[in-house]
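Structure, as structure tokens:
Bear in mind these aren't lab numbers, they're just calculated from the coordinates by the rules spelled out. Because the structure is a prediction, the values reported are computed rather than measured. Note: ideal-geometry Cβ built from the backbone for every residue, glycine included; neighbour counts use all protein chains shown.
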Amino acid sequence: MKKYLFNICFGLSIASFAQNLEIIPLGVYGGSNESNLSSYLIAEENTNNYLALDAGTIYSGINKAIEKGTFKDKTLENVLKENIKGYFISHGHMDHLAGMVINSPEDSQKPIYAITETIDVLKNKYFTNTAWANFGNEGESPILNKYQYNYAKIAETFPIQNTNLTGTVYELSHVNPLKSSAILIENNKNAVLYFGDTGADRVEKSDKLSKIWTEVAPKIKSGKLKTLMLEVSFPNSQSEKFLFGHLTPQLMNEEMGKLAQLVGEKNLKKITIIVTHIKPKGDYEQKIKDELLSNNPYSINYIFPKQGERIILK
């Protein structure tokens, strides 16, 4: 009887522990360095069932993570084919999907989750006979049918295949009217909100971010959503005329001010922001870090991810 109760308690403990989420950055930058472009694996801790949040860099990122001992499996082929269960592609720019395209001949069958506009880019620009080959399940013949397009409907939750996760996609403005997208990843315990490239509403003359803040505010107030993965591409010195649909530390604070009005400053202080898509130009990276940390009115915990190093979210 004692052994039976121990097994039950141990099983419940493991199940509860597994509900924490982990993120493995395969690429963290927003351009220039083709070996380290936007891509983040997310899964429940102690599982190998990852969804790739964008796929700018895949091969080099897996290798870097293996070098750092991040993956239990030391074989790049197994991580690519077996552990990555699918891709969320936020928009059609190369620094968010080039790794997936280049590695598609060596990959296994899996889904691609994206908004219609992004899937259209994949079908009509990348997976074509003149550019590469059609590894999708729609588009030009011959259709190789390796990747299955899953058209995400805005604000409708769907299961992530072969994981215990769900996703909910929202529209973003990335040089209005070009559309990018964000995805809310959830399990029973935690949630993470990942943003593709996005400009601030004021600069973009849009309301995309405001709509997202309204949608996710209840999850922040309940404590389920504690982590945002949000881009800051340029330092404050960058003119708003030349942001090209991106954020600066100042614009980050502007958007966090709107979120604070919905959730309260006390709840916002519990938020962690993983800063993505920094442009690796000159001293931009250090400037962005300094500007975020020196002017942090809501005491947000910022994480600056490093390629191949696991981040555990609790």
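Under a Cβ-only charge scheme (Lys and Arg +1, Asp and Glu -1), can you give me the dipole magnitude of the stretch 154-306 about the Cα centre, in debye to the nearest 20?
It works out to roughly 400 debye.
Pop out the Kirkwood hydrodynamic radius of the stretch 13-160 from its pairwise C-alpha distances, inverse of mean 1/r, in Å to one decimal.
15.7 Å
List the pair-distance distribution P(r) of the chain, using every Cα-Cα distance, as the percent of pairs falling in each 10 Å bin from 0 up to the bin containing the longest distance, rounded to whole percents.
6, 27, 36, 22, 7, 2, 0, 0
Taking the mean number of other Cβ atoms within 10 Å as a proxy for protection, how do you rank 63-74, 173-184 from highest to lowest?
Result, highest mean first: 173-184, 63-74.
Using only the alpha-carbon atoms of the stretch 163-217, report the extent along each of the three principal axes, biggest first, to the nearest angstrom.
The Cα atoms of the stretch 163-217 stretch 36, 20, 10 Å along the principal axes, largest first.
With the contact rule set at Cα under 8 Å and sequence spacing of 6 or more, what percent relative contact order holds for the stretch 76-161?
28 percent
Could you work out how far apart the two model spin labels at residue 207 and residue 250 are, taking each label as a point 7 Å from the Cα in the direction of the beta carbon, and quote it in nm?
Here the answer is 2.6 nm between the modelled labels.
Which listed residue (92, 212, 301) has the Cα farthest towards the positive end of the charge dipole for the chain, taking +1 on Lys and Arg C-beta and -1 on Asp and Glu C-beta about the Cα centre?
My answer, from the dipole projection, is 301.
Please give the contour-minus-distance gain from residue 145 to residue 242: 0.36 nm per residue of separation, less the Cα-Cα distance, rounded to one decimal in nm.
Separation in residues times 0.36 nm, less the Cα-Cα distance, equals 31.0 nm.
Which net charge results for the neighbourhood of residue 126, defined as the other residues with beta-carbon distances under 15 angstrom from its beta-carbon, given Lys and Arg at +1 and Asp and Glu at -1?
-4
About the Cα centre of the chain, how large is the charge dipole given +1 on each Lys and Arg Cβ and -1 on each Asp and Glu Cβ? Please answer in debye to the nearest 20.
Around 1040 debye, computed over the chain.
Structure shown: which of 219/287; 179/211; 226/306 lie over 23 Å apart, alpha-carbon to alpha-carbon?
Those over the limit are 219/287.
Place the peptides 153-162, 118-127, 262-271 in order of packing, highest mean first, counting for every residue the other Cβ atoms within 10 Å and averaging per peptide.
For the peptides 153-162, 118-127, 262-271, the packing ranking is 118-127, 262-271, 153-162.
At q = 0.12 Å⁻¹, work out log10 I(q)/I(0) for the stretch 54-139 with the Debye formula, treating every Cα as an identical point scatterer and leaving solvent out; two decimals please.
Ignoring solvent entirely, the Cα scatterers give -0.36.
Based on the alpha-carbon gyration tensor of the stretch 154-306, what equivalent-ellipsoid semi-axes (square roots of 5 times the eigenvalues) come out, in whole Å, largest first?
In descending order the semi-axes read 24, 18, 15 Å.
PRE reach from residue 290 (point 7 Å along Cα→Cβ): which of the stretch 235-263 fall under 18 Å by backbone N?
235-239, 248-251
Suppose R0 equals 22 Å; then what is the FRET efficiency for residue 82 and residue 158 from their Cβ-Cβ distance, rounded to the nearest 0.05?
About 0.45, to the nearest 0.05.
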